[in-house]
Every structure is written in C-alpha cells, then in structure tokens.
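Everything on this sheet refers to the single structure shown next.
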Amino acid sequence: MPRPDGVRRSFPPRAPQPPTDTGRRDIRAAYARVAVAVGLSADEVRATWLAIKSRHTTPDVFDEAHHQAIVMLNMSEDTLDGRFRSLLAGANVYHPRLPDGSPRFLYYHTHRSDRSPAGFPDGVLLDRVLHRLYFWELKREEYEPPPAQQAWLSALGAVAAASAGTVVLLGIVRPSNMPVLRAALQLPD
C-alpha cells in the first residue's frame with residue numbers, strides 16, 4: 001500500500017529493539033588475562049594498548065607477543081565466532097565422518113540474541129562421537145557477562161556437574177582462552 005507521500009514500501013516497518021546488555025566492562029582484568037595468554041606483564045599489555053589506541057604510535061618494544069595482545073584486545077565476538085567456525089570446519093575434516101556420512105560436530109550459534117531468551121549462551125556444540133554437549137559464552141576481553149547470562153551459566157554449570165561428563169560448560173570463551181574450544185574439538189596443536 002503506497003504511503004501518502006507516494007513512496008512505496010515493500011516491507012513492514014521494523015519495531016525498535018531494546019538495547020542489549022553487553023555486561024560490565026573491566027579493562028584491567030582484560031590486561032591481566034591477555035598478559036597470561038601471551039607471556040607479558042599486565043603493565044606491558046596496558047602500555048602497548050594505550051600507545052597504539054590513544055597515541056597512535058608503536059611502542060619501542062613491539063614483538064609477536066605484543067602484537068598478539070593487541071589482536072586479542074581488539075577482537076570482537078563476531079571475529080571470535082568466525083575463528084571458531086574455521087576451527088570447527090577443520091575439525092570436521094580432521095576427524096572421520098560418522099557411518100552415515102554426516103560430520104562429527106554440530107554447532108549452533110544465536111545470530112539475533114535480541115530475539116532470544118535473555119542470557120542464553122552463544123555457542124552450543126554437539127559431539128556425536130563422545131556424546132557430549134558443550135555450552136559457552138563468547139565475550140570480548142574487556143566485558144563481563146551481564147546478570148542474565150551469569151544466571152544461565154550458573155544453571156548450566158550445575159547441570160554439567162551432575163551430568164557425568166555428557167554436558168560440559170566451557171564458561172566464558174575469550175580470545176585469550178580460545179584453546180579451550182580447540183581442546184573440545186580434539187584438534188592437535
């Protein structure tokens with residue numbers, strides 16, 4: 001139906017969505033996590049981050065560890081999910097297919113979390129050989145989960161503890177602890 005001004009719309013107007021709660025930001029904790037992952041001190045990570053982000057300069061000492069720290073601090077949840085999808089594709093090639101020809105691992109990720117129940121974890125992975133179900137929440141380095149996500153993670157943690165290993169809660173996966181997903185996929189280093 002044409003609008004009064006003569007412009008035709010081919011789709012209905014979209015209802016405004018409430019803002020998503022990304023959680024509390026804790027950059028100091030992020031510096032500490034990244035420092036452990038790359039083998040630097042938290043002060044070195046902070047100084048490198050501030051030099052590059054605030055002053056747009058490269059620090060005097062800038063090696064591979066410093067580069068990895070900046071990559072981890074800069075990585076978005078979408079990029080982290082993309083890296084996991086690449087690992088998953090590799091795992092489904094590396095591990096033999098099931099007798100019916102289907103891949104060993106199935107993965108689910110909510111693309112529009114604003115239309116899903118608040119707080120449900122981002123990733124669900126089904127390992128059809130070991131009969132395990134993995135859950136995790138993807139987060140940027142500097143963000144903590146909001147209360148709704150924390151409630152889901154706590155509830156899933158209780159189920160995982162009582163499940164004798166069939167349900168596994170990996171918790172919060174960040175760029176600095178991405179190897180936990182690699183371990184779940186049983187990929188060699």
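For region 48-107, the spread of Cα positions along the three principal axes, ordered from largest to smallest, is 56, 20, 9 Å. Here the simple spin-label model places points 7 Å from the Cα toward Cβ, and for Phe120 and Ala164 these points are separated by 2.8 nm. Within the shell of other residues whose beta carbon sits under 11 angstrom from the beta carbon of Arg46, the net charge comes to 0, with Lys and Arg scored +1 and Asp and Glu -1.
Gain on full extension, evaluated as 0.36 nm per residue between Val36 and Arg128 minus their Cα-Cα distance, stands at 29.8 nm.
Counting each DSSP H run of 4 or more residues in the chain as -39500 (n - 2.57), what helix-only mean residue ellipticity at 222 nm follows after dividing by all residues, to the nearest 500 deg cm²/dmol? Display every interim value, and only then the final one.
Values: 6 runs with 75 residues, N = 189.
Taken over the chain, the calculation gives -12500 deg cm²/dmol.
Mind checking the alpha-carbon convex hull of the chain and giving the volume per residue in Å³? Don't skip to the end; give the middle numbers.
Values: hull volume 37.6 nm³, N = 189.
Convex hull volume per residue, Cα atoms: 199 Å³.
Averaging over all projection directions, the Cα-based convex hull of region 77-184 occupies 7.2 nm² in the image plane. P(r) for region 27-74, from all Cα pairs and a bin width of 10 Å, is 31, 62, 7 %, short bins first. With neighbours defined as other Cβ atoms within 10 Å of a residue's Cβ, the residues His111, His66, His95 order from fewest to most as His111, His95, His66.
Using a cut-off of 10 Å between beta-carbons, work out the net charge of the residues near Gln150 (Lys and Arg +1, Asp and Glu -1, Gln150 not included). If you can, show how the numbers build up before the last one.
Details: positive: none; negative: Glu137, Glu144.
That works out to -2.
Per-residue 3J(HN,Hα) values for region 118-127, derived from phi via the Karplus relation 6.51 cos²θ - 1.76 cosθ + 1.60 with θ = phi - 60°, read 4, x, 4, x, 5, x, 9, 10, 10, 9 Hz in sequence order (x marks Gly and Pro). Note that region 180-185 has calculated 3J(HN,Hα) couplings of 5, 6, 4, 5, 4, 7 Hz, one per residue in order, obtained from phi through the Karplus relation 6.51 cos²θ - 1.76 cosθ + 1.60 (θ = phi - 60°); glycine and proline are x.
Between the amide H of Val173 and those of Glu137, Leu138, Lys139, distances stay under 5 Å, these residues lying 5 or more places away or on another chain, with hydrogens modeled in the peptide plane. Of the residues Leu133, Ala158, Ala148, the one whose Cα sits farthest towards the positive end of the charge dipole of region 75-189 is Leu133 (charges of +1 on Lys and Arg Cβ, -1 on Asp and Glu Cβ, taken about the Cα centre).
Order of Val38, Val167, Val159 from fewest to most other C-beta atoms within 10 Å? Write down the numbers at each step before the final one.
Details: Val38 20, Val167 17, Val159 13.
Exposure proxy ranking, most exposed first: Val159, Val167, Val38.
Nearest 5 percent is fine: what portion of the DSSP beta bridges confined to region 77-184 is antiparallel? Taking every DSSP beta bridge within region 77-184, about 60 percent pair in antiparallel fashion.
Any read-out appearing in this document is the output of simple, stated calculations on the displayed coordinates, not a laboratory observation. Note that the structure is a prediction, hence the values are computed from the model and not measured. Note that we place each Cβ from the backbone using ideal geometry, even for glycine, and neighbour counts take in every protein chain shown.
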